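Following: one structure in structure tokens, then a few remarks.
Nothing in this text is a laboratory measurement; each read-out follows from the coordinates by a stated rule. As the structure is a prediction and not an experimental result, all values here were calculated from the model. So basically every Cβ, Gly included, is an ideal-geometry build from the backbone, and we count neighbours across all protein chains shown.
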Amino acid sequence: MSAPRPILLDCDPGHDDAIAIMLAIADPSIDLRAVTTVAGNVTVENTTRNALRVLDMVERPDIPVAAGRDGPRVRTLSTAAVMHGDSGLEGPLPSEPTRAALDIPAIELIEQQLLDADEPLTLVATGPLTNMADVVERLPHLRSRIRELVLMGGAVDLGNWTPAAEFNIWVDPHAADVVFKAARAPGEGSAADAIAVTMIGLEVTHRAWLTDEHADALRSTGRAGHFVAELLDHFVGFHQRRFGWEGAPIHDAVTIAHLIDGTLVSTLPMNVQIETESPLCLGRTVADRWAVTGLAANAAVGIDIDRDHFVTLLMERLSVLP
Ligand code: RIB
Ligand code: CA
């Protein structure tokens, strides 16, 4: 087996972010070097506390955590506390963290990690792209040390937070605009000029759902499995009531699963632009699925997922955590 892939995860835990962290820890092909946090699902104070809690849960207090931006670049922060609870981990709400986050901002931890890594790092973003926009603007000299950015966000078709927009992009469309304007489709262009971006959007993640049965299957597998089961108890219940769905999409875990097994998610190169002005369509990822604009593709956009394979992988990995 090749050496584990070094990654840095920027997130806003959040139930599905928490599961993404746990999957990254559980799979031997991933080397989670650091976690940074951003305001999104809940305040950055709570997303940071939750990242520390989850890393305690999986017995990895060695992984550094630094808090990032406490709100979008232009808009006022609007959270998803209705979905995740004010704490961000409604349901299990594990004990208080055993440590504090580092006393440096996320951008400094990201810079340190990029400089110290012995190979280019993969950045994974599962919240609003506020911190990633800082990477684009403040670390242009380190672009070649970024292997790629895999982000959960956007959609080719319908949104989930407004009819037009997916939550992560909608919270901070101006940051997303900065990121996608500095992006290139993987395999195209030069690492020094632009960041290879893979957009894992709702077409993919809305097929990546788990149900009460999955929660029950995890409940007695260990402390971590029990924790995920309680996360799902809340998250599945919310999606059943709010959307009438059988299960809850574990959006953010798909980014990690994609890195573990590149056959899971099907992507197409597309040009993606972000709506930053329209009150009706603010935060829409305008994805040129049929290449009608003639604009160069700047991202690999997810269009489908091998759902059964994803669920099997996720359940197997979560079941072996302590
Ligand atoms: O739209 C889904 C995204 O919004 C996920 O990242 C979830 O955690 C929320 O942040
Ligand atoms: Ca998230």
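Could you calculate the contour length gain from SER78 to ARG241, that is, 0.36 nm times the residue separation minus the distance between their Cα atoms, to one decimal place in nm?
My answer for the length gained is 56.5 nm.
Rank these for me by crowding, ASP10, ASP288, ASP308, ASP261, going from fewest to most other beta carbons within 10 Å. Can you show the working numbers first?
Numbers: ASP10 29, ASP288 19, ASP308 8, ASP261 14.
Exposure proxy ranking, most exposed first: ASP308, ASP261, ASP288, ASP10.
Give me MET199, MET270, MET22 ranked fewest to most by other Cβ atoms within 10 Å of their Cβ, as a rough exposure proxy.
Fewest to most other Cβ atoms nearby, the residues stand as MET270, MET22, MET199.
Can you check what the net charge comes to around ALA26, using other residues whose Cβ is under 11 Å from the Cβ of ALA26 (Lys, Arg +1; Asp, Glu -1)?
Overall, the nearby charge balance is 0.
Of THR285, THR76, THR198, which is the most mobile in a GNM of the chain whose springs link Cα atoms less than 10 angstrom apart?
THR76
Please compute the modelled spin-label separation between THR293 and HIS141, points set 7 Å along Cα→Cβ, answer in nm with one decimal.
Inter-label distance under the simple model: 3.2 nm.
What is region 106-226 by shape, rounded, prolate or oblate, if you read a ≥ b ≥ c off the alpha carbon gyration tensor as root eigenvalues and call it rounded for a/c under 1.5, prolate for a/b larger than b/c, and oblate otherwise?
Here region 106-226 falls in the oblate category.
Among ASP252, ASP31, ASP233, ASP216, which comes first, second and so on when ranked by fewest other beta-carbon atoms within 10 Å?
Starting with the residue having the fewest Cβ neighbours, the order is ASP216, ASP31, ASP233, ASP252.
What chymotrypsin sites (Phe, Trp or Tyr not before Pro) in region 242-322 are in a loop by DSSP, with at most 16 other Cβ atoms within 10 Å of the Cβ?
For chymotrypsin sites (Phe, Trp or Tyr not before Pro) across region 242-322 that sit outside H, G, I, E and B with at most 16 neighbouring Cβ atoms in 10 Å, the list reads TRP245, TRP290.
In percent, how large is the relative contact order of region 34-139, given Cα pairs closer than 8 Å and 6 or more residues apart?
35
In deg cm²/dmol and to the nearest 500, what is the mean residue ellipticity at 222 nm of the chain if only DSSP H runs of at least 4 residues count, each as -39500 (n - 2.57), divided by the residue total?
-10500 deg cm²/dmol
Build a GNM of the chain with springs between Cα atoms under 10 Å: which of ARG73, ARG241, ARG138 gets the top mean-square fluctuation?
ARG241
Can you tell which of ASP193, ASP304, ASP12 shows the greatest fluctuation in a Gaussian network model of the chain with Cα springs below 10 Å?
In this elastic network of the chain, the residue with the biggest mean-square fluctuation among ASP193, ASP304, ASP12 is ASP193.
What percent antiparallel are the DSSP beta bridges of the chain, to the nearest 5?
Percentage antiparallel, nearest 5: 30.
Using the Cα gyration tensor of region 201-241, with a ≥ b ≥ c the square roots of its eigenvalues, what is the shape: rounded (a/c below 1.5), prolate (a/b larger than b/c) or oblate (neither)?
Prolate shape, in that a/c is at least 1.5 and a/b is the bigger ratio.
Shape verdict for region 262-322, please, from the Cα gyration tensor: rounded (a/c under 1.5), prolate (a/b greater than b/c) or oblate.
prolate
Would you kindly calculate the mean projected area, averaged across all directions, of the convex hull enclosing the Cα atoms of the chain, in square nanometres?
14.8
Tell me, how many Å apart are the Cα centres for region 146-180 and for region 61-117?
Using only Cα atoms to place each centre, the spacing works out to 19 Å.
Projected area of region 1-148, taken from the Cα convex hull and averaged over every viewing direction, in nm²?
In nm², the orientation-averaged hull projection of region 1-148 is 8.7.
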